Amino acid sequence: MDRLRFSTAEMKVISTLIENHMRLFLISHPDSTDKAIRRLVYKMGDLTPGLVLLTLLDMYGTTKGTENPVPGR
């Protein structure tokens with residue numbers, strides 16, 4: 001990212017999203033507590049919507065959308 005001249009703030013955001021991109025998968029099982037979800041949202045703050053989007057894109061990219069049909073289609 002340095003070579004591509006990303007700003008320090010952009011690098012921090014991208015790094016944080018990458019570091020946490022599997023956390024939604026880890027807390028998505030039925031035994032997860034509300035407390036675990038609140039901790040994640042608190043930690044991610046304004047980046048929470050981006051993390052959700054990244055997780056969805058990762059899921060669809062990994063399975064090519066075949067195992068995750070779009071609701072309503």
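The values are calculated or read from the model by the stated rules, or taken from the named source; none is laboratory data. Note that the structure is predicted; figures quoted are calculated from it, not measured. Because the Cβ atoms are built from the backbone with ideal geometry, glycine has one as well, and the counts that use them run over all protein chains shown. To get the accessible areas, we keep the full protein, side chains included, count just its heavy atoms, and leave off ligands, DNA and RNA. Shrake-Rupley method; radii C 1.70, N 1.55, O 1.52, S 1.80 Å.
Given (1) 7.2; (2) 6.6; (3) 4.8, which label gives mean projected area of the Cα convex hull in nm² as computed from the coordinates?
So the structure-derived entry is (2).
Modelling each spin label as a point 7 Å along the Cα-to-Cβ direction, I'd like the Lys12/Ser32 distance in nm, to one decimal.
Placing both labels 7 Å along Cα→Cβ, they lie 2.6 nm apart.
So how do Lys64, Lys43 rank on accessible area, 1.4 Å probe, biggest first, that is with the largest at the start?
Lys64, Lys43
Among Met44, Met22, Met11, what's the order by accessible area (1.4 angstrom probe), most exposed first? Each step should come with its number before you reach the end.
Working: Met44 10, Met22 85, Met11 40 Å².
Final ranking, largest accessible area leading: Met22, Met11, Met44.
Around Ile27, under 11 Å between beta carbons, what's the net of Lys plus Arg minus Asp minus Glu among the other residues?
On the way: positive: Arg23, Lys35, Arg38, Arg39; negative: Asp31, Asp34.
Charge balance in the 11 Å sphere: +2.
By a straight-distance test (C-alpha under 19 Å), which lysines pair with Lys43 as possible cross-link partners, with residues fewer than eight away in the same chain excluded?
Straight-line reach from Lys43, under 19 Å: Lys12, Lys35.
So for Ile18, Ile37, Ile27, what's the accessible-area order with a 1.4 Å probe, most first?
Working: Ile18 100, Ile37 75, Ile27 40 Å².
Final ranking, largest accessible area leading: Ile18, Ile37, Ile27.
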